[in-house]
Structure formats: structure tokens, C-alpha cells
Amino acid sequence: MKASKLAAGAMALIVPSVFCLTGCSFDIFNTLNYKYDNADKYEAGDREIDDTITKLNIDYLSGNVKVMGTDEDSVSVRETINKSVDEDHKVHTWVDGDTLYVRYCASKDMISFNGIEKSLEITLPGDQELDDFIIDVSSGEIDLNGFTTNKLNAHASSGNTKIDCSAKDAEVKVSSGNISLTQTGNSDSVKVKASSGNIVINHEGNSSSFDIDSSSGKITINQTGTLDNVNIHSSSGGVNATFGTVNTLNVEVSSGPIVINADEVKDLKTKASSGHSDISLDKAPETSDISCSSGGIDVSIPEESDLTIHAHISSGEFNSDLPFAKDGKEYIIGNGTYEMNINCSSGDVCVHNI
């Protein structure tokens with residue numbers, strides 16, 4: 001459904017507001033300007049839906065939203081409200097073919113929500129695979145579990161987001177709040193971004209792409225399976241990640257530690273501006289570039305590795321438990337086939353036997 005434009009009005013011009021995707025604003029007096037297309041086709045209040053739903057499009061401005069798969073055959077929409085309200089203030093839904101649209105209230109130029117608190121719960125058949133799931137919550141927590149979807153797009157401006165479902169293509173963004181994503185099954189793409197908050201990802205299965213970003217908060221990843229391309233960025237908070245097999249892994253942290261444990265990483269790049277790096281691999285990477293401005297580096301690999309380390313250490317020492325042969329600034333073990341560049345401006349570099 002095409003998003004409608006923000007309705008014009010004098011209050012919207014002079015009063016500070018928070019805007020949402022459907023064309024809405026809350027001013028400081030909780031007066032809502034909320035407009036969306038096809039408003040005359042929506043029904044107000046709780047409802048049971050027997051139609052087969054394969055697409056969900058949810059826009060819920062303020063309040064917690066829970067969506068879960070169950071053993072039931074129908075879809076149910078239930079709202080909890082702290083006081084008696086008229087139909088304009090209730091949740092509005094529209095079934096268009098196999099798509100369920102859910103909106104916070106009636107489409108209105110001005111509607112007051114002073115003192116009204118709402119939350120939403122939607123249940124759907126857990127065995128019904130969805131094609132597309134879109135959810136946007138401006139202020140409130142998101143809790144999704146027990147269903148499978150081809151595409152998942154979840155956004156919360158303010159509030160924690162917890163997801164436990166299977167999605168082939170998942171994109172989760174939270175402006176302020178923590179993200180917990182648990183997923184079983186293969187996926188094409190997983191994109192997770194938190195502007196302010198921690199990120200925890202538990203993933204069992206293979207994936208083509210992982211893209212994880214936290215501006216302020218810690219990133220924790222537990223993954224089994226094979227990943228093709230992984231990019232992780234943390235401005236402040238650090239990264240602690242455990243992987244199965246990764247073809248290409250790129251980790252960058254501005255402030256905080258990097259802890260990586262993996263069965264195998266074929267191409268590894270890590271960069272820590274301020275914080276210690278601790279990397280443990282069951283197999284030495286084919287190519288790797290590990291750098292740290294301040295904090296030191298520990299690398300653990302098998303003793304039977306075939307590796308050449310090019311070490312550049314400005315202030316610190318190189319130490320190893322492994323029988324490296326030293327040749328200038330190069331340290332060679334086995335036949336030295338694989339290449340590892342280590343750059344450390346301030347801190348010691350230690351290589352251990354895993």
C-alpha cells in the first residue's frame with residue numbers, strides 16, 4: 001500500500017512532533033495527525049479473520065506489539081486499552097486479498113490520545129508461511145515469534161525488539177532500544193542496525209549475507225552453519241561473535257574489544273581503534289588483516305598451520321607459543337602458504353596454539 005503524505009495543518013507547523021511512515025505526528029499534547037490511504041475500507045476494533053493471510057503490514061504508533069504463530073486456523077487481532085474509547089481510537093484493520101493492513105486508529109487530521117494507553121496482540125496460524133511482514137512501531141516494544149516469512153522488515157523508533165522466527169530476508173532497525181534476533185533456517189540476507197542499544201543474534205543455518213551495525217551498544221552473535229559475507233560495525237561497545245564457517249568476515253570497532261571464535265574464516269579483516277582483539281580460529285585463515293591502534297592482539301590457531309605473519313608493531317612485543325621461524329619482520333610456520341598481516345600501534349601481539 002502506498003504511504004500517504006503527512007496531512008498539513010497549523011499545529012504540525014508550530015508544535016514539535018515525531019513522525020511515522022504512514023503520515024502521522026504526535027505533538028506535545030498527544031494530539032495525533034494520522035492519515036493513510038483507503039481509510040474507508042478499514043474496520044475498527046478487535047476481529048477474527050478466516051481469510052488466508054500471507055502478507056502483514058502493521059503501523060502501530062505507541063504501545064507494545066506482539067505477533068505470534070499458534071495452532072489456530074484463523075488470524076486474530078486483539079487490543080488492550082486502559083480506558084473506554086470510541087471506534088476512532090481503536091485499532092483499524094483492512095483485509096485486501098491475502099494482505100492484512102493494521103493501523104493504530106482511524107485516519108484523521110486531528111485526534112487526541114491524551115491519557116490513552118494501548119497495546120496490540122496478533123495471532124496467526126504458525127504453519128502458514130508468509131510472503132512479507134512489515135511492522136513499524138514509533139514508541140513501544142516489538143515481540144515476534146513462532147512463524148516463518150520470506151521477508152521481514154521491522155522498525156522501532158523507541159523500544160526493545162525481540163524476534164524469534166524464520167525469515168529468508170530480514171531487516172531490523174531500532175533507533176533507541178535493544179535488539180534480540182533468534183532465527184533457525186537458511187537465509188539470503190540479515191541486516192540489523194541499532195542506533196543506541198545492544199544487539200544479540202542467535203542464528204542456526206546458512207546465510208549469504210550478514211550486515212550488523214550498532215552505533216552505541218555491544219554486539220553479540222552466536223551462529224552455526226556457513227556464512228558467505230559478514231560485515232560488523234560497532235562505534236562503541238565491542239563485538240563478541242562465535243561462527244561456524246565464514247568466507248569473508250569484516251569487523252570494525254571504534255571503541256571496545258573484539259572477540260571472535262570460529263571454526264573457519266577464509267578471509268578475515270578486523271580493526272579496533274581502541275580495545276583488545278582476541279581471535280580464535282580452528283583453522284588459520286587463507287588471507288587476513290588484523291589491526292589495533294591501542295589494546296593489543298591475541299590470535300589462536302592450530303600448531304600445524306601453514307602461515308606467514310607480517311607483523312608491524314609500533315609499541316609492544318611479538319610473542320608466540322608456536323614454533324615460528326623469524327625472517328626479518330616475518331614469522332613463518334609450516335610452509336608459510338597463508339598470509340596474515342598484523343598491525344598494532346600500541347600493545348603486544350601474542351599467537352597461541354588453539
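Table for the structure above
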{"read-out": "Residue within the range 166-174 that is modelled with pLDDT of 95 or more, under 18 Å from G225 (Cβ atoms) and in contact with an Asp or Glu (Cβ under 8 Å, 6 or more places away or on another chain) present", "value": "yes"}
{"read-out": "Single residue of the range 108-135 satisfying the filter (more than 17 Å from N64 (Cα to Cα) and aliphatic (A, V, I, L, M)) that is surrounded by the most Cβ atoms within 10 Å (Cβ to Cβ)", "value": "L124"}
{"read-out": "Filter result (of a type outside the set (K, R) and over 15 Å from A262 (Cα atoms)) within the range 215-230", "value": "S215, S216, G217, I219"}
{"read-out": "Qualifying residue in the range 256-269 (condition: of a type in the set (S, T, N, Q) and either assigned to a loop (DSSP other than H, G, I, E, B) or within 21 Å of S345 (Cα to Cα) (or both))", "value": "no"}
{"read-out": "Residue match in the range 233-247 (condition: buried (at least 18 other Cβ atoms within 10 Å of the Cβ), within 12 Å of the chain's Cα centre (by Cα) and either at pLDDT below 95 or of a type in the set (F, W, Y) (or both))", "value": "no"}
{"read-out": "Flag if Y60 is in contact with a strand residue (DSSP E or B) (Cβ under 8 Å, 6 or more places away or on another chain) and within 18 Å of L144 (Cβ to Cβ)", "value": "yes"}
{"read-out": "Residues of the range 253-303 classified as in contact with a Leu (Cβ under 7 Å, 6 or more places away or on another chain), among the small types (G, A, S) and closer than 23 Å to D213 by Cβ, total", "value": "2"}
{"read-out": "Every residue from the range 270-288 that is within 19 Å of D228 (Cβ to Cβ) and either β-branched (V, I, T) or outside any loop (DSSP other than H, G, I, E, B) (or both)", "value": "T270, L281, T287, S288"}
{"read-out": "Check on A284, within 20 Å of I219 (Cα to Cα), at pLDDT 95 or above, crowded, with 19+ Cβ neighbours inside 10 Å and among the small types (G, A, S)", "value": "no"}
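The values are calculated or read from the model by the stated rules, or taken from the named source; none is laboratory data. Quick caveat, the model's predicted, so the values are computed rather than measured. Cβ sites come from the backbone with ideal geometry, for glycine too, and all protein chains shown count toward neighbours.
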